[in-house]
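Worksheet: the structure to be examined is printed underneath.
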């Protein structure tokens, strides 16, 4: 196994900096992680996103060296890291739990990795100065962890991880213990610092908005497998499976049947709907149709228009507003169409024009609809059934 | 004090069902709650919203009877409850921490309050059936708390609180221990159950979106005082103070000066801005201008328009897109205007038209701008500085 | 997890130390207890002990004293621990300190103080000072810190405040709260406290020896001083008794919980 | 908080009980220790004790034994508790059970077993069995459960896994981890364990009495059996010694933390 240190593996492109090569993890008969491969480019921020128990933390810990993979190996710049203990991997890690050493001040915490590596006093002093400036916490250098807020502690932990100039930065749900406001601020902060230092980063989270906001690429995981790998836009707009569609963002999910030629039919709706993405599906195929709430446009149906069919000629639907929820920047309307209830999110003051009870025409913007082959319902439901 | 039980207090309208009358709480020299009054109509859901330490939980506990107020009293239907212990108040309570009795099954937990009150077996059986149907957890009746998920436990706790047909339902951050997805579902569930049973409800939360989504009225609290009391729309669109404007939702906050006649000037912007709400302020008054990100409209400025002044004749601004963050249902753009950076949230695919670097015209929708007299900055900052 | 060789060596070392600590002495003791001189081994020592009327008499006395001590100390400690956890968590540190302080009162000092008190200017009633029941006073004092700490740990694991407030908001008074909510949830702590007290009382030698009462521990010492293999046999018998009692109680405790879980 | 009359009565009752439990015996003992016959009160009993060379001799011996016991048991327990908490949390319940089991081994049984072993077929080396150092073996066994439980509690409060992984990801080896991260954060648990061991050894009467070594506890017993007021005086002196030691250590412990906090 040490051979591979001497002979770098050649079958990955030079740009693939960190590579997990068909790694898996089983505990007895339980597969925490099915064999999967993943590669990160240098300087990239990739997020592992999924519900708890999907294997995302296991994968991170395999990269960090805290968990030995059952199969496969981890390569960094072509060098096999698998036999190395965590202390030899030079990967900075920030944990979900507060992990500052309670007996050391903020600056001694950040200095810890430098001291262990025998960096000279002068050099480490310079490094400290840079890092505290980077995270904007110069005034907290002498404070002890118990004197710092949760957000400050995680920022110090970030500085501590960066102090050793890690080859890879690993972040294991670093924001999940924090309050909402702090979480948003620190999320932006981490992204900024990551960009400024250009550190290749693997970020684990169960929060889809966090993943979309912070990542160059997102790996959506489900039951130890990669459900989808792509840019935030890919994941959100072109989900590869019902699981991804329902886990990322809010979506109106409807059972539909392909009619061929890009038309789909939803039971209970009077007319078929034209959906570009449905073209490849043969007539009669069972589909799952997803409509993003923010891509539905409403307009009032005047009484004289009511005699129109439930679905207009251009594929528009008609329905009735049955509920409205003011959520601040958006207002969420429930619209009864046939015997389905669609959720439509209107931004700002647009919802003021649509009181409960109003008959409305629902039009779909070009990106509103996405269709997928219907999965066995039980599968997706089991994954999402948390309540 | 028992007199008031015999002689109902007459100085509140009949509609005021639950009344807190100038209640306050001090611990030595610390004022956890300054004297404040609050009344709830029968069947209403009112939320106490604020950051931790604002006194919202103290107020709830005074209503519940777990904390005795330093001054003031609590009236229910005109009857003074202040001398009564919690067990005599008949208020159902759901706690932040999981509070099911670990040694009792779900149904025995729900039955607990009925048994204590000596309700007959047959009657309590009927009640149980209703309640489990209401919360949709019939299949979990025989399970024990450790066999239930967090969301299920809180639903059982809700049923347990409702079993005694409480005069008031008190919810103390019941969702904050739950995962995001579950939190959203249970939030809607609580609202539905509250409406179906028509139970007057006081709901405590630190999550502004939760408060907006669930409430008939919201009480925003700050440092033991009521910062604002109003409908969700009031709170969001017409915040009464810089604290409320910055705590509820996302807002671009800018220092501005009134020019009189509804015009305001922002340092570094070439032209003044017309803001209806600024009319009452005299020329020269220092203001705080808030622009909601979702109410900013962008349009590309073509090169030949670039020679226009930075602020167009209709009060439109011009600037440059400097950053974009894809957040799923919205894309958040940063726009540099003068030397301020504005955040604009565009829904769906609208942001695709505005790449980073583009010169754009920023127009304000009618509800976009809100002005307030500038507060001493330190005050608001101290409240919001969590990181 | 692939453990480094150092870690693996450390693990084996500790398993070995644990084995040495717990099992080697027991095995050696067992072998010795069967020794009947020369190279003969039989159960004669056990027969001798089990036939000794003193064994039965002293064991019964110690058992009675243990039960009395358990009842008295639980009755004292349950309300105190409940009250401290619920209403005065600030006092918890103080009580913790006090309970350590009384760990630190050596029994020999305690009994010296007690007996000099009772024989001194403050004369206890003769009918009380003269019976073995007098020992219970000392035993309760000895057992209190253990009882307190065990119950305190059990209560702390409960989120007592939320449970109490939930019960109160549902209309429960203090009695209902204690009997229907708190006690059923700390049965294992109660059993643990009872067990520790039982073990302490059964093994307590100093008090009884100094105050000249013939308890089980005094009998063990007497046998140990005078006879060889019967002493080893008796050691094993008394270990077996306490461990059986403990395992029985633990099983009962588990059973209760499982019963609750499956009801 | 407006407490109901019942609660208030309960509170007062418990404060009274606590007072009776801790202070009345002490005050009575103190008064008795000053009693010099008839109605005269003076310090003659204290003078007598403090002038007794036996007092100094036995106290020094017990002190030495305590220090040896502390060092040996810490050296055994620190790595074990660390390893169990970090690598084998599943074993924690087993070790917890074992440590309760050994609470349950009455010292009188332990010493019986030990001494019959050493006098029996397995002969210990004479130079060892003949010196008081032999007691340390028993004391370590006695103190292990306390030491283990105290350190285990300290380590559990730490989130050992996260701290260890953080240190490792920063390049620290096991030594650095233990010395620079773990031990500095459990100083109060270490001090607590040391203190409990100190108190146990200083007050342990059974072992020394049965094995015929003249330790401090044996001396206390001897005085208690033979002399009245000096026994009370000695009780108070030894209480004062152990409590002073404890408070000193606690203060030192606090000082360390405060020092750390202000450095």
Output the residues belonging to region A:192-209 that are in contact with a strand residue (DSSP E or B) (Cβ under 7 Å, 6 or more places away or on another chain) and part of a helix (DSSP H, G or I).
A:194, A:208
Name the residue that is farthest from the chain's Cα centre (by Cα), counting only residues in region D:40-64 that are in a loop (DSSP other than H, G, I, E, B) and loosely packed, with under 14 Cβ neighbours inside 10 Å.
D:40
Counting only residues that are in contact (Cβ under 8 Å) with a residue 40 or more places away in the chain and either more than 14 Å from residue A:214 (Cβ to Cβ) or out of contact with any helix residue (DSSP H, G or I) (no Cβ under 6 Å at 6 or more places or on another chain) (or both), how many does region A:173-192 have?
4
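Yes/no matrix, rows are residues, columns are (1) more than 8 Å from chain C (Cβ to nearest Cβ); (2) assigned to a helix (DSSP H, G or I); (3) in contact with a strand residue (DSSP E or B) (Cβ under 6 Å, 6 or more places away or on another chain); (4) at pLDDT below 70:
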residue	(1), (2), (3), (4)
D:17	no, yes, no, yes
D:29	no, yes, no, no
D:33	yes, yes, no, no
D:38	yes, no, no, yes
D:66	yes, yes, no, no
D:69	yes, yes, no, no
D:75	yes, yes, no, no
D:105	no, no, no, yes
Looking across region A:113-122 at residues that are part of a helix (DSSP H, G or I) and closer than 13 Å to residue A:165 by Cα, the single one that is farthest from the other protein chains (Cβ to nearest Cβ) is A:114
Cβ contacts < 8 Å: first residue outside any strand (DSSP E or B), restricted to region B:16-39; second residue surrounded by fewer than 19 Cβ atoms within 10 Å (Cβ to Cβ), any location; separation 6+ or different chain. Result?
none
Determine, yes or no, whether residue A:234 is within 14 Å of chain B (Cβ to nearest Cβ) and without any contact (Cβ under 8 Å) to a residue 24 or more places away in the chain.
yes
Residue by residue through region B:251-299, note down the ones that are within 14 Å of chain A (Cβ to nearest Cβ), part of a loop (DSSP other than H, G, I, E, B) and either at pLDDT 90 or above or more than 16 Å from residue B:340 (Cβ to Cβ) (or both).
B:292
Please verify whether residue D:147 is under 22 Å from residue D:243 (Cβ atoms) and within 14 Å of chain C (Cβ to nearest Cβ), treating the condition exactly as stated.
yes
Take region A:63-109 and flag every residue that is over 25 Å from the mean Cα position of the chain (by Cα), more than 21 Å from residue A:20 (Cα to Cα) and not in a helix (DSSP H, G or I).
A:100, A:101, A:102, A:103, A:104, A:105
Could you list, in sequence order, the residues of region C:202-236 that are surrounded by fewer than 19 Cβ atoms within 10 Å (Cβ to Cβ), more than 8 Å from chain D (Cβ to nearest Cβ) and in a helix (DSSP H, G or I)?
C:211, C:222, C:226
Long-range neighbours under 7 Å by Cβ, at least six apart or interchain, first residue at positive phi within region D:169-189, second surrounded by 23 or more Cβ atoms within 10 Å (Cβ to Cβ) and assigned to a helix (DSSP H, G or I):
D:171/A:113
So, in region A:345-387, how many residues would count as being within 12 Å of another protein chain (Cβ to nearest Cβ) and at pLDDT 90 or above?
2
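Tell me which residues, restricted to region D:130-150, are in contact (Cβ under 8 Å) with a residue 60 or more places away in the chain and outside any helix (DSSP H, G or I).
Filtering region D:130-150 down to residues in contact (Cβ under 8 Å) with a residue 60 or more places away in the chain leaves D:132-136, D:138-140, D:142-144, D:147-148.
Of everything in region D:130-150, those that are in contact (Cβ under 8 Å) with a residue 60 or more places away in the chain and outside any helix (DSSP H, G or I) turn out to be D:132, D:133.
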So residue D:165, is it surrounded by 19 or more Cβ atoms within 10 Å (Cβ to Cβ) and closer than 26 Å to residue D:33 by Cα
no
Looking at this structure, is residue A:248 within 11 Å of chain B (Cβ to nearest Cβ), buried (at least 21 other Cβ atoms within 10 Å of the Cβ) and within 30 Å of residue A:203 (Cβ to Cβ)?
yes
Could you grab me the full set of residues in region C:154-174 that are part of a helix (DSSP H, G or I), under 15 Å from residue B:104 (Cβ atoms) and within 7 Å of chain B (Cβ to nearest Cβ)?
C:162, C:163, C:166
So which of B:240, B:227 ends up being away from chain A (no Cβ under 11 Å), in a loop (DSSP other than H, G, I, E, B) and under 17 Å from the mean Cα position of the chain (by Cα)?
B:240
Tell me yes or no: at least one residue of region D:179-194 is surrounded by fewer than 17 Cβ atoms within 10 Å (Cβ to Cβ), part of a helix (DSSP H, G or I), at pLDDT 85 or above and more than 10 Å from every other protein chain (Cβ to nearest Cβ).
yes
Under 7 Å between Cβ atoms, at least 6 apart or on separate chains: pull out the pairs that start in region C:224-235 with a residue that is modelled with pLDDT under 75 and end on any residue that is surrounded by fewer than 22 Cβ atoms within 10 Å (Cβ to Cβ).
C:224/D:210; C:228/D:120
Would you confirm whether or not region A:48-61 contains a residue that is more than 25 Å from residue D:160 (Cβ to Cβ), in contact (Cβ under 8 Å) with a residue 12 or more places away in the chain and out of contact with any helix residue (DSSP H, G or I) (no Cβ under 6 Å at 6 or more places or on another chain)?
yes
Do you know which of the residues in region C:1-15 that are out of contact with any helix residue (DSSP H, G or I) (no Cβ under 9 Å at 6 or more places or on another chain) and more than 8 Å from every other protein chain (Cβ to nearest Cβ) is modelled with the lowest pLDDT?
C:5
Which listed residue is more than 10 Å from chain A (Cβ to nearest Cβ), crowded, with 20+ Cβ neighbours inside 10 Å and over 30 Å from residue B:335 (Cβ atoms), from B:177, B:157
B:157
Mind listing just one residue for me: the one in region A:76-106 that is surrounded by 22 or more Cβ atoms within 10 Å (Cβ to Cβ) and away from every other protein chain (no Cβ under 11 Å) and, of those, modelled with the highest pLDDT?
A:106
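The values are calculated or read from the model by the stated rules, or taken from the named source; none is laboratory data. On a predicted model such as this, the values are computed, not experimentally measured, just so you know. No Cβ is skipped: glycine too gets one built from the backbone with ideal geometry, and neighbour counts run over all protein chains shown.
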